[in-house]
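S.K.: First, the structure itself, so that you have it in front of you.
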Amino acid sequence: MPQHGTPLVLPLRVPQRPPHLPQCHDPASCKGPSLASDSAFSICPEFWFSDGNIILIAGGCGFRVHRGQLERHSEVFGNMFSFPCPDGVQEDRVMLYDAPADVYYFLKALYDGVAIDRHFPSDFAFLAAILRLSHKYFATTHRRQCLSLLSRDYPLTLAEWDRREHSVTDPSGRYLPRDHIASPILVINLARELALDTLLPAAFYDLSRYGPSKTAAGTAAPPALFLDAYITAGSEPPAPAVPIVVQNGARITLADDDLILLLAGREHGQTWLAHFLDRAVGSRTPAAACANARDGSRSCRDSFFFLLLNTRRAVGGIAVGRDADPLFTLRQMGEMLHRTDFSDGARAYGLPMCCFCKADFMLAIARAREEVWRAIPGWFGLTSEGNGNAGEGGANPGTAGV
């Protein structure tokens, strides 16, 4: 059980950065407060164990934990504790250059495991802190777990993206991604901080589907973390527990450069879709084996015109939030081929397109969606050789399957 007694007053031991440790992207995370050994700091009761043998101090918060637990999970701590201390320095205290909230969540993962529910937007601060410190301190198992959770929702393949989109659509057809998946703004900022580039294409694409004003306004920060802490001052007994906030709750926005990349990528996606509709739908010729060729394939041509008209209406704002989502628009066009609930006011009907033209167009849609997925990194300026042109990804804009 944690003990709320006064910690021993011993010199601080400050870990040095091992030569193989990556440099921090955020200088603030690499520099911590320079506490004297008798300075006051807050004790976190949840991680102040009576049998603990090492005190971690981060941002004025103290955690008395077990060296063995740190050594077991972290290569950096294992290496640090393997070297003898310099003369006059005790091993009982270590100063960390990290936010206290991050250290709290990291210790929670080390002691209790990474237990994050499938619907984890509210747990993003927990996941981000674990990933941040497991990256910094080489806690590979926890880092791998967190990356797996994030990659599930911001994947590298189109098949996984479609699985994700299906998983956040309820049985009535309502699309509710923010009820199940962390905001892409939070993911982009974290990926930039830790150089997790594989998360960026899907995160940028996800965010680009929001209106520019909503994107620029940012997203709510994860809920602030409140801890009941005891304050100690050298040899004085600790004061009564008081709640302290160890995590800022300010609104979070994209960096200016990323906002520009995002808006440019959104424009590229809209341009690509406009080209596709013109070339692959509006100017489409019937299949070579069209079953309606005797009358000039009129019913199939009329069906393509119907698809073009309804798709343009949708991306023009009737389907709110889908005017910059080519992947969804293409999939919806494929679904329209098989619907039988269109109405002229008197009867329900399906498109009078022959099976050969339908099969030919479904193939074109599949190819176009693959083209879009390949083009996304270039659209958002995430490729080293590309400049974000709409045609990147192996084809001219909107020509796949024409």
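The values are calculated or read from the model by the stated rules, or taken from the named source; none is laboratory data. Just so it is clear, the structure is predicted and the values come from calculations on it, not from any experiment. Glycine gets a Cβ as well: all are built from the backbone with ideal geometry, and neighbour counts include every protein chain shown.
S.K.: Look at S172 and say whether it is at pLDDT 90 or above and either surrounded by 18 or more Cβ atoms within 10 Å (Cβ to Cβ) or among the polar types (S, T, N, Q) (or both).
M.R.: Details: at pLDDT 90 or above: no; either surrounded by 18 or more Cβ atoms within 10 Å (Cβ to Cβ) or among the polar types (S, T, N, Q) (or both): yes.
Judged against the criteria, S172 is not a match.
S.K.: Within the group L107, L133, L150, which residue is touching a residue at least 40 places away in the same chain (Cβ under 8 Å), part of a helix (DSSP H, G or I) and over 30 Å from E370 (Cα atoms)?
M.R.: On the way: L133 fails: touching a residue at least 40 places away in the same chain (Cβ under 8 Å); L150 fails: over 30 Å from E370 (Cα atoms).
Going through L107, L133, L150 in turn, the sole match is L107.
S.K.: Tell me the residue from D344, D295, D360, D302 that is among the acidic types (D, E), out of contact with any helix residue (DSSP H, G or I) (no Cβ under 7 Å at 6 or more places or on another chain) and either assigned by TED's automatic domain parsing to the domain that holds W161 or touching a residue at least 60 places away in the same chain (Cβ under 8 Å) (or both), please. Step through it out loud before you land on a result.
M.R.: Numbers: D344 fails: either assigned by TED's automatic domain parsing to the domain that holds W161 or touching a residue at least 60 places away in the same chain (Cβ under 8 Å) (or both); D295 fails: either assigned by TED's automatic domain parsing to the domain that holds W161 or touching a residue at least 60 places away in the same chain (Cβ under 8 Å) (or both); D302 fails: either assigned by TED's automatic domain parsing to the domain that holds W161 or touching a residue at least 60 places away in the same chain (Cβ under 8 Å) (or both).
Result of the check over D344, D295, D360, D302: D360.
S.K.: Let me ask something else about it. Might you check whether a residue that is assigned to a helix (DSSP H, G or I), farther than 25 Å from A255 by Cα and in the same structural domain as L225 (by TED's automatic domain parsing) occurs anywhere in the range 173-196?
M.R.: Kept after step one, since they are assigned to a helix (DSSP H, G or I), are these residues of the range 173-196: 177-179, 184-194.
Subset that is farther than 25 Å from A255 by Cα: none.
No - not one qualifying residue is present in the range 173-196.
S.K.: Something else about it: Criterion first (in contact with a helix residue (DSSP H, G or I) (Cβ under 8 Å, 6 or more places away or on another chain), within 30 Å of S42 (Cα to Cα) and in contact (Cβ under 8 Å) with a residue 60 or more places away in the chain) does L158 satisfy it? If you could, list the steps in order and put the result at the bottom.
M.R.: Values: in contact with a helix residue (DSSP H, G or I) (Cβ under 8 Å, 6 or more places away or on another chain): yes; within 30 Å of S42 (Cα to Cα): no; in contact (Cβ under 8 Å) with a residue 60 or more places away in the chain: yes.
Considered against the rule, which asks whether it is in contact with a helix residue (DSSP H, G or I) (Cβ under 8 Å, 6 or more places away or on another chain), within 30 Å of S42 (Cα to Cα) and in contact (Cβ under 8 Å) with a residue 60 or more places away in the chain, L158 comes out as no.
S.K.: Going by what's in this entry, would V242 be described as β-branched (V, I, T), modelled with pLDDT of 85 or more and more than 29 Å from the chain's Cα centre (by Cα)?
M.R.: Numbers: β-branched (V, I, T): yes; modelled with pLDDT of 85 or more: no; more than 29 Å from the chain's Cα centre (by Cα): yes.
For V242, the condition - β-branched (V, I, T), modelled with pLDDT of 85 or more and more than 29 Å from the chain's Cα centre (by Cα) - is not met.
S.K.: Spot the failing condition for A324; the list is (1) out of contact with any Lys or Arg (no Cβ under 8 Å at 6 or more places or on another chain); (2) not in a helix (DSSP H, G or I), and only one is missed.
M.R.: Condition (1) is where A324 drops out.
S.K.: Out of (1) over 26 Å from L225 (Cα atoms); (2) surrounded by fewer than 19 Cβ atoms within 10 Å (Cβ to Cβ), what's the single condition that is false for D179?
M.R.: Unmet condition: (1).
S.K.: While we're here: Looking only at the range 126-141, how many residues end up being of a type outside the set (S, T, N, Q) and over 24 Å from S167 (Cβ atoms)?
M.R.: Filtering the range 126-141 down to residues of a type outside the set (S, T, N, Q) leaves 126-133, 135-139.
With over 24 Å from S167 (Cβ atoms) added as a condition, the list becomes 129, 132-133, 135-139.
Looking only at that region, the number is 8.
S.K.: Out of A359, A280, A288, A314, I need the residue that is aliphatic (A, V, I, L, M) and assigned to a loop (DSSP other than H, G, I, E, B). Which one? Working first, answer last.
M.R.: Values: A359 fails: assigned to a loop (DSSP other than H, G, I, E, B); A280 fails: assigned to a loop (DSSP other than H, G, I, E, B); A314 fails: assigned to a loop (DSSP other than H, G, I, E, B).
From the options A359, A280, A288, A314, the qualifying one is A288.
S.K.: Tell me yes or no: at least one residue of the range 11-18 is surrounded by 12 or more Cβ atoms within 10 Å (Cβ to Cβ), modelled with pLDDT under 50 and part of a strand (DSSP E or B).
M.R.: Filtering the range 11-18 for residues surrounded by 12 or more Cβ atoms within 10 Å (Cβ to Cβ) gives 11-15, 17-18.
Filter once more, keeping what is modelled with pLDDT under 50: 11-15, 17-18.
Of the ones still in play, those that are also part of a strand (DSSP E or B) are 13.
There is at least one residue in the range 11-18 that is surrounded by 12 or more Cβ atoms within 10 Å (Cβ to Cβ), modelled with pLDDT under 50 and part of a strand (DSSP E or B).
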